[in-house]
Amino acid sequence: MKLELSLHASKLKNVAGAFKGTSDPFAVVTQIATVQGAKPNVLGKTEVFKNNLSPQWVKIFEIDYELGSAVKVAISVYDEITKGDNKLMGSAVFDIGELLGARGNTKAKKLKTGGTLFAAVRKSQGKGLLRINMKGNKLKNVEGMFGKSDPFYELCRKSDTAGGLTWDNVYRSEVVKNNLSPDWKPATVELSKLCGGDLDALIRVSIFDYESKGGHVAMGSFETTVNGLVKNAGTGHQFPLQQKGKNVGSLSVMEASVAGVSTEDEVSDRMAAATIAPSVAPSVGGADFVDYVSGGCELNVMVAIDFTGSNGDPRKQGTLHYLHRGEPQVRNDYEKAIASIVSILGKYDSDQMYPVVGFGAKYDGVVRHCFQCGPTPEVHGVQGVMTAYSSTFSSGLTMSGPTVFTEVIAMAAKRAKDTAAKASASGKQAYTILLVITDGAVSDPPATAQMLQSASDAPLSVVMVGVGNADFSSMRFLDDSSKPGQRDVAQFVQFNKHSNSSEELTKQTLHEIPAQLVGHFKSRGIAPLPPVQSFDEEIVVEPEEEEFDLSLDLSEDEIVVTQGGNGFVDGFGASH
């Protein structure tokens, strides 16, 4: 999936120096190398915001993201020095998965040098370019008696979110000095950023008088569409500018055309499948995973662990459940699977409270196929799951058999339905993911397949991870057991095939979940909720971090990484 990253900052520290005015900040975005063999990649830099310590940068960065992958970006904020080296004003690292799972798809971090940096993501949709050349006509001067305005224009995209109507700035023109009939240079704007590829979506054109100290003065605006701009290009039509209900001049479109959009029919077909947040919630037919999580859909995680005797004596080193109690940095395969997968899914679970259950062990001589692990029905975070798992070995159980987790699936399906119903009653959405970790094939594949089929009407996905070297052919049978026309809810992955890479494990384990989630809601005609809007004052600002090891050479036209930029992610060691 393609996402768009946008940035703004608040109350940055002024580093311009004594008697040198206010800093002119810009930001550089670098995608960190998170896997061995990868290299950091500079995605680009924003425009410079003159004399402003709370810049709202217009530049948008496109990022590829896949559920289960580790994608992180380092944001470095600099003060532009025209004669000399640019000064670093602060930096922070953002995890793209965490942004996508955060309320409003937005997070904020305190900079060590002062100020707060905000990052937000949204779905990138549409393709093609708008090429446009515009001219102002007899704009009203707002500079005062002894001066003349310095106009520039902005193109803004309309977003109608759960928090209310907003206009997001996506393009800013150059400034034309001392001119009330400015003729701006031709511009090229990506349609995905301006209107999500919808040529009939409302956009706003706003004119401002540039002020060197910031606080640009509004000179008027109007609303139209890309098609409206193209239709009126070169016709002599003048778009009237309004400011506080009064006419304050007009704007003419000298030239306007779209490229990369072949025909009107193709545009309509593409927009029928549009998934970015338009002025209302996306339709059911066009919605996808990003739309549902952007609308606040909670992913609830449940963990089920195999305690059958075939795992071996957990007190003996080399067995699957052996706990390296004197070496906390060393984990067995059960712990590695828990850490890597739950740490990814936890980004989409706001309270990070997880039920942990076991199966295949005896208590008081009776085999239990679904029992609580740990002292509480739910535990907090990855470490809570780890503690519940390890404490089970001192709970008086006897590892037994057979390998049966039909009761676990039934419990998860009921819990998923109950959670979704509770969420729906309060105007929200919820979906549950059951992680089953087992060392062997199920004892009764047909019964398990039947239970998965019964659970297919629940808002549930079942991901099964096989550890050890057993014959897992029957588990693969479960992966393919859904009947024609029935929603597939199961996915099986063998741990040993991905034991050298936590990212490969999580990508293989989780890659079907987005389609399964969307399939469930679509089958019931449930559209995503409108995207949640988070305002700056509502966002919990995360504390400052140690400066990330990254050095950039900004002296050339192309910014290059000269040192650092590596942030290898070992999901197997998550929560250490």
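The values are calculated or read from the model by the stated rules, or taken from the named source; none is laboratory data. The model shown is predicted, which means the values in this text are computed figures rather than measured ones. Here the Cβ positions follow ideal geometry from the backbone for every residue, glycine too, while neighbour counts run over all protein chains shown. SASA here: full protein model, heavy atoms, side chains in, ligands and nucleic acids out. Shrake-Rupley method; radii C 1.70, N 1.55, O 1.52, S 1.80 Å.
What's the center-to-center distance, using Cα atoms, between the stretch 496-511 and the stretch 434-461 in Å?
20 Å
Kindly rank 26-32, 8-14 from highest to lowest mean number of other beta carbons found within 10 Å of each residue.
Peptide ranking by packing, descending: 26-32, 8-14.
Two decimals, Cα atoms only, Kirkwood Rh: what is Rg/Rh over the stretch 71-178?
In the stretch 71-178, Rg relative to Rh is 1.05.
Please list the radius of gyration and Dmax for the chain, considering alpha-carbon atoms only, with Å as the unit.
Here Rg and the maximum Cα pair distance are 27.6, 95 Å.
Excluding residues fewer than 8 places away in the same chain, name every one of the lysines whose C-alpha is closer than 17 Å to that of Lys193.
Lys2, Lys45, Lys59, Lys123, Lys127, Lys158
Which Cα, out of Ala304, Phe548, Asn141, lies furthest along the positive dipole direction of the chain (beta carbon charges, K/R +1, D/E -1)?
Farthest towards the positive pole: Asn141.
Under a Cβ-only charge scheme (Lys and Arg +1, Asp and Glu -1), can you give me the dipole magnitude of the stretch 172-266 about the Cα centre, in debye to the nearest 20?
Roughly 600 debye for the stretch 172-266.
Using helices alone, I'd like the mean residue ellipticity at 222 nm for the chain: each DSSP H run of four-plus residues gives -39500 (n - 2.57), total over residue count, nearest 500.
Value at 222 nm, helices only: -5500 deg cm²/dmol.
Take each of the peptides 351-357, 339-345, average the number of other beta-carbon atoms within 10 Å over its residues, and list them starting from the highest.
339-345, 351-357
With θ set to phi - 60° and the Karplus curve 6.51 cos²θ - 1.76 cosθ + 1.60, what are the ³J(HN,Hα) couplings of the stretch 145-150 in order, to the nearest whole Hz, using x for Gly and Pro?
My calculation for the stretch 145-150 gives 5, 10, x, 9, 4, 10 Hz in order.
Which log10 I(q)/I(0) values does the stretch 481-576 give at q = 0.11, 0.12, 0.19 Å⁻¹ under the Debye formula, counting every alpha carbon as one identical point scatterer?
-0.74, -0.85, -1.06
Limiting things to C-alpha atoms, what are the Rg and the maximum Cα-Cα separation (Dmax) for the stretch 1-99, in angstroms?
Using the Cα atoms of the stretch 1-99, the pair Rg, Dmax is 14.9, 50 Å.
Restricting the calculation to Cα positions, tell me the Rg (one decimal) and the Dmax (whole number) of the stretch 294-374 in Å.
Expressed in Å, the Cα Rg and Dmax of the stretch 294-374 come to 15.2, 48.
What is the extension gain from Thr188 to Arg476, computed as 0.36 nm multiplied by their sequence separation minus the C-alpha to C-alpha distance, in nm to one decimal?
Gain on stretching Thr188 to Arg476: 98.6 nm.
Students often check this: by mean Cβ neighbours within 10 Å, which of 457-467, 189-199, 541-551 ranks highest, and how do the rest follow?
Output ranking for 457-467, 189-199, 541-551: 457-467, 189-199, 541-551.
Please report, in debye to the nearest 20, how large the charge dipole of the chain is about its Cα centre when each Lys and Arg carries +1 at its beta carbon and each Asp and Glu carries -1 there.
1180 debye
Using a 7 Å offset from the Cα along the Cα-to-Cβ direction at both Val217 and Glu537, what is the distance between the two label points in nm, to one decimal?
That separation, rounded to one decimal, is 2.7 nm.
Report the gain in length on full extension from Arg325 to Asn137: 0.36 nm times residue separation, minus Cα-Cα distance, nm rounded to one decimal.
60.1 nm
For the stretch 332-417, with only Lys/Arg (+1) and Asp/Glu (-1) charged at the beta-carbon, what is the dipole magnitude about the Cα centre, in debye rounded to 20?
Value, rounded to 20: 200 debye.
Shape of the stretch 436-514 from its Cα gyration tensor (a ≥ b ≥ c, root eigenvalues): rounded if a/c is under 1.5, otherwise prolate when a/b > b/c, or oblate?
Because a/c hits 1.5 or more and a/b fails to exceed b/c, the stretch 436-514 counts as oblate.
I'd like the distance separating the alpha-carbon centroids of the stretch 520-576 and the stretch 313-346, in whole Å.
So the two Cα centres are separated by 27 Å.
Using alpha-carbon positions, what is the distance between the centroids of the stretch 173-214 and the stretch 1-19, in Å?
21 Å
For the stretch 21-48, list residues with backbone N below 17 Å from a point placed 7 Å from the Cα of Lys87 toward its Cβ?
So the set is 21-27.
Which percent of the accessible heavy-atom area of the chain goes to carbon and sulfur, probe 1.4 angstrom?
Roughly 49 percent, rounded to a whole number.
Among Leu510, Pro375, Ser523, whose Cα lies farthest out toward the positive end of the dipole of the chain, if unit charges sit on the beta carbon of Lys, Arg (+1) and Asp, Glu (-1)?
Of the candidates, Ser523 comes out farthest on the positive side.
Got a sec? Which residues in the stretch 73-102 would a label at Asn51 touch, if it sits 7 Å along Cα→Cβ and we count backbone N under 15 Å?
none
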